[in-house]
Amino acid sequence: MADLTDDELWVSMLFVVTFTPVLILGPFGGLLADRLDRKKLLLATYMGLMGVSSLQVILVASNAISPVILLVTSFIVGLIMALLAPVVQAVTANTVQSQYLPSAISLQAMASNASRVLGPALAAPLVSNNLFEISWSLYGICAGLALVAAAGITLFPYQPDQDSVPILHRLLDGVLHAREKKPAGSALTLVGVMSIFGVSHVVLSPAFTSDALGRPASDFAWLGASTGFGALIGALAAGSFTQQATLRRGAILAIPYCLLLAGFSRVTDFTVAVLIQILVGFFYIASFTTLQVVVQEVVTENFRGRVMSLFNIAWAGLVPIGSLLMGLLASDTGFGLGSADTIGLTSLICVGYVISTVISDAIKTANSSRSHNQGSGE
């Protein structure tokens, strides 16, 4: 999209159409994960990814690609992801005993972020040489390998929901369950704010690479690989601190993430930018994995799919809002702040909310402890 349009707003629209299905249809994906066979759903989504990658290859190879067509095919990817994400997370919880859940989530994050290292590392030279069809072919092959791996998964027995409650009521029950199972609601809100004002900065990566770092826009893929490498290290370390996951710990780990993004926005050297993105990736996955464990540990099994769909809405579904916001702020057709100043502004908003969450949780804990001590004294 950056190559076709050279406009931050068009690139932001690419993120909007890709992640909007997660925002709108994510709860329905969680609903299906609670009602249907999770393994079959998992296999079906990987087959869907193979299909859309094949379509993308044909369009690019035949020179039929355009900005609008790219938006349409990306929307199809988003539809599949809206179903895949809650199913994957529910399946993770169904493959291990409860005491091993934090380690399983860390391992899942490690595997996911390993692909965020290898994927951009493989794609960067292809993208730099406009070999987009080869990149999408590799994506389809990887989806096929995931399909084969998923076919060998054995799930612990679980009972899918079979009641006749209307769909909207069932979705609302998932939201109410997340609010009742404290601190799940606060964790979901924190993830959402970080996605809008932090994670969404990736939409400006091509423009930032070109304008601030003085490199070809396609070199943004190396920044993505650096973030993924840091996230991989963070996922490897996550198993040690997610054993006692708390909302406050997740928020504290988010503070350096936001501050590093603010520092990243002022960088003009590509090597320094790469090094900062490694640290950004580390604290990003450390915080998000901790918060995911917080949510997974308190939800009830028959609500897991729906609540985790809310987690994915907060994590990825709100990215369209953040991407559109950043595109409007940065683009010359919007407010014209540019990519660097936009990233700096939004990261400061992010760190402000994160710090307020830490303070609020500390006050609640202190009040709870005081009330408990008074009750004991009486």
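The values are calculated or read from the model by the stated rules, or taken from the named source; none is laboratory data. All of these numbers come straight from a predicted model, not from anything done at the bench. Ideal geometry is used to build each Cβ from the backbone, glycine not excepted, and the neighbour counts take in all protein chains shown.
Restricted to helices (runs of 4 or more DSSP H) entirely inside segment 288-378, those with at least 1 residues that are among the aliphatic types (A, V, I, L, M), over 30 Å from GLN89 (Cβ atoms) and touching a Gly at 6+ places or on another chain (Cβ under 8 Å) are 319-330. Taking VAL272, is it under 17 Å from the mean Cα position of the chain (by Cα) and either surrounded by fewer than 20 Cβ atoms within 10 Å (Cβ to Cβ) or aliphatic (A, V, I, L, M) (or both)? In short, no. Go through the residues of segment 271-278 one by one and say whether even a single one is within 29 Å of LEU204 (Cβ to Cβ) and either out of contact with any helix residue (DSSP H, G or I) (no Cβ under 8 Å at 6 or more places or on another chain) or charged (D, E, K, R) (or both). Scanning segment 271-278, I find at least one residue that is within 29 Å of LEU204 (Cβ to Cβ) and either out of contact with any helix residue (DSSP H, G or I) (no Cβ under 8 Å at 6 or more places or on another chain) or charged (D, E, K, R) (or both), so the answer is yes.
What about LEU176, is it touching a Pro at 6+ places or on another chain (Cβ under 8 Å) and modelled with pLDDT under 90? In short, no.
Yes/no matrix, rows are residues, columns are (1) closer than 29 Å to VAL175 by Cβ; (2) hydroxyl-bearing (Ser, Thr, Tyr):
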| residue | (1), (2) |
| --- | --- |
| VAL274 | no, no |
| SER287 | yes, yes |
| VAL294 | yes, no |
| GLU297 | yes, no |
| PHE303 | yes, no |
| PHE311 | yes, no |
| TRP315 | yes, no |
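Residue-by-condition table, conditions (1) more than 19 Å from GLY144 (Cα to Cα); (2) touching a Gly at 6+ places or on another chain (Cβ under 9 Å):
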position	(1), (2)
ASP3	yes, no
VAL16	yes, yes
ILE24	yes, yes
ALA33	yes, yes
ASP37	yes, no
LEU70	yes, no
LEU79	no, yes
ASN94	yes, no
LEU107	yes, yes
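Residues in segment 341-355 that are over 11 Å from PHE264 (Cα atoms) and among the hydroxyl-bearing types (Ser, Thr, Tyr): THR342, THR346, TYR353. When PHE288, PHE282, PHE264 are checked against the criterion of being within 23 Å of GLN99 (Cβ to Cβ) and either buried (at least 18 other Cβ atoms within 10 Å of the Cβ) or of a type in the set (Ser, Thr, Tyr) (or both), PHE288 stands alone in meeting it.
Mind checking which residues of segment 114-141 are farther than 25 Å from LEU236 by Cβ, hydroxyl-bearing (Ser, Thr, Tyr), in contact (Cβ under 8 Å) with a residue 60 or more places away in the chain and surrounded by 15 or more Cβ atoms within 10 Å (Cβ to Cβ)? Please lay out each step first, then the result.
Going residue by residue through segment 114-141, those that are farther than 25 Å from LEU236 by Cβ are 125-137, 140-141.
Next, from what is left, pick out any that are hydroxyl-bearing (Ser, Thr, Tyr): 128, 135, 137.
Within this subset, residues satisfying the condition of being in contact (Cβ under 8 Å) with a residue 60 or more places away in the chain are 128, 137.
Of everything in segment 114-141, just one residue is farther than 25 Å from LEU236 by Cβ, hydroxyl-bearing (Ser, Thr, Tyr), in contact (Cβ under 8 Å) with a residue 60 or more places away in the chain and surrounded by 15 or more Cβ atoms within 10 Å (Cβ to Cβ), namely SER137.
One line per residue, one yes/no per condition, for (1) surrounded by fewer than 21 Cβ atoms within 10 Å (Cβ to Cβ); (2) closer than 27 Å to THR333 by Cβ; (3) hydrophobic (A, V, I, L, M, F, W, C):
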residue	(1), (2), (3)
GLU8	no, yes, no
VAL22	no, yes, yes
ILE58	yes, no, yes
SER62	yes, no, no
LEU71	yes, yes, yes
MET81	no, no, yes
GLN99	yes, no, no
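Checked against (1) under 25 Å from ASP219 (Cα atoms); (2) touching a helix residue (DSSP H, G or I) at 6+ places or on another chain (Cβ under 6 Å); (3) without any contact (Cβ under 8 Å) to a residue 40 or more places away in the chain, ALA64 passes all but a single condition, namely (2).
Which of the residues belonging to segment 210-219 are in a helix (DSSP H, G or I) and either touching a residue at least 60 places away in the same chain (Cβ under 8 Å) or more than 18 Å from SER128 (Cα to Cα) (or both)?
Residues satisfying the conditions are ASP211, ALA217, SER218, ASP219.
If you go through segment 142-172 and keep only what is surrounded by fewer than 16 Cβ atoms within 10 Å (Cβ to Cβ), assigned to a helix (DSSP H, G or I) and modelled with pLDDT under 80, you end up with ILE167, LEU168, HIS169, LEU172. Residue check: is ALA121 of a type outside the set (Asp, Glu) and assigned to a helix (DSSP H, G or I)? Answer is yes for this residue.
To keep it simple, each residue is scored yes or no on (1) at pLDDT 95 or above; (2) among the hydroxyl-bearing types (Ser, Thr, Tyr).
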| site | (1), (2) |
| --- | --- |
| ARG266 | yes, no |
| GLY281 | no, no |
| LEU291 | no, no |
| THR300 | no, yes |
| MET308 | no, no |
| ASN312 | no, no |
| ILE321 | no, no |
| GLY327 | no, no |
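When segment 308-350 is filtered for residues that are among the β-branched types (Val, Ile, Thr), crowded, with 19+ Cβ neighbours inside 10 Å and either touching a Pro at 6+ places or on another chain (Cβ under 9 Å) or over 30 Å from GLU180 (Cβ atoms) (or both), the ones remaining, listed by number, are ILE313, THR342, ILE343, THR346. Could you tell me whether segment 221-237 includes any residue that is surrounded by 24 or more Cβ atoms within 10 Å (Cβ to Cβ) and either basic (Lys, Arg) or not in a helix (DSSP H, G or I) (or both)? No, there is no match, as no residue in segment 221-237 is surrounded by 24 or more Cβ atoms within 10 Å (Cβ to Cβ) and either basic (Lys, Arg) or not in a helix (DSSP H, G or I) (or both).
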